[in-house]
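The values are calculated or read from the model by the stated rules, or taken from the named source; none is laboratory data. All values reported here derive from a predicted model rather than from experimental measurement. Ideal geometry is used to build each Cβ from the backbone, glycine not excepted, and the neighbour counts take in all protein chains shown. Ligands, DNA and RNA are excluded from the accessible area calculation, which covers all protein heavy atoms including side chains. Shrake-Rupley method; radii C 1.70, N 1.55, O 1.52, S 1.80 Å.
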Amino acid sequence: MSAIVDRLFRAIKHGEPIPPFPENLDIPDAYEVQKKVSKRIYSSKLVGLKAGVTSEEMQNALRISSPLIGGLFQENRLDENPKLTFREGRLIECELGIFSDIHGNIKAVCPAIEFAVLDFEKKTDLSGPNLVASNVAVEKFLLGKKSIDVDSLSKEQCSLFRGNTQVNDAYIGDSLGGPREAAKFIAGEALRRGYALQEECVFLSGACGDVIKAEPGEYRAEFGGLGELRFEIV
């Protein structure tokens with residue numbers, strides 16, 4: 001396990017392709033790899049978790065029975081209106097940010113964008129355990145203004161635009177059955193997998209609508225009553 005931890009650490013730290021994995025890696029071991037790698041990369045404590053592979057279709061394709069979770073750290077969080085340098089393999093996900101306690105009791109919600117990177121050196125390495133070990137492709141995330149109107153605003157629609165072209169449109173509360181169910185699921189998985197969460201944490205509930213390839217351009221994500229987020233890729 002130490003060899004794959006060393007290789008993953010170097011790859012993620014330096015933005016390089018994810019190196020080949022051992023064929024016998026299973027989900028429990030993969031979570032241990034993820035935590036060991038993250039501890040070496042990030043100096044801050046865990047601030048939250050993301051849910052990944054939330055659609056049944058993708059779970060079936062990867063031969064897993066439930067969504068996966070990955071760690072979010074302060075170093076992953078972007079400031080308002082960020083400008084990112086183009087990176088091959090980066091994806092954009094419109095999501096609902098959920099502020100919760102460690103038991104999955106929601107305090108507030110917010111608009112969110114996750115930037116994920118799927119860049120395996122061997123394309124055949126895309127699997128559930130390998131995704132877990134590489135922190136479920138987490139790169140960066142962007143959060144908007146909090147709102148305590150959870151049940152009403154989580155029914156809003158999100159529209160993502162690159163320039164004047166709409167590239168995604170979806171209801172933001174659809175993933176994992178809605179924000180309350182999502183928070184309970186992620187908190188439960190955190191407990192089961194041995195994550196040390198802070199009392200107040202943020203959860204990302206999974207992609208709403210399509211996962212978009214991050215091409216250069218100016219982006220605007222409209223989340224109805226939750227507001228909007230803007231960013232640029234150059």
Single residue of L118, L126 found to be under 15 Å from the mean Cα position of the chain (by Cα) and more than 24 Å from A183 (Cβ to Cβ): L118
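Can you spot a residue in the stretch 171-191 that is touching a strand residue (DSSP E or B) at 6+ places or on another chain (Cβ under 8 Å), in a strand (DSSP E or B) and surrounded by 17 or more Cβ atoms within 10 Å (Cβ to Cβ)?
no
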Scope the stretch 2-45; condition open to solvent by 90 Å² or more (accessible area, probe 1.4 Å) and closer than 24 Å to P67 by Cβ; matching residues: E23, N24, K36, K39, K45
Any idea which of S55, S2 is within 20 Å of L204 (Cα to Cα) and among the small types (G, A, S)? S55
Within the group E189, E181, E218, which residue is closer than 19 Å to G52 by Cβ, among the acidic types (D, E) and touching a residue at least 24 places away in the same chain (Cβ under 8 Å)? E189
Take the residues of the stretch 82-138 that are of a type in the set (S, T, N, Q) and in a loop (DSSP other than H, G, I, E, B): which is surrounded by the most Cβ atoms within 10 Å (Cβ to Cβ)? S134
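If I filter the stretch 144-156 down to residues being under 19 Å from the mean Cα position of the chain (by Cα) and surrounded by fewer than 21 Cβ atoms within 10 Å (Cβ to Cβ), which single residue comes out as nearest to C94 (Cα to Cα)?
G144
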Starting from the stretch 23-41, keep only residues that are more than 9 Å from F9 (Cβ to Cβ), then list their pairs with residues that are of a type in the set (A, V, I, L, M, F, W, C) and open to solvent by 40 Å² or more (accessible area, probe 1.4 Å) whose Cβ atoms are within a distance under 8 Å, requiring at least 6 positions of separation or different chains. D29/M1; E32/M1; V33/M1
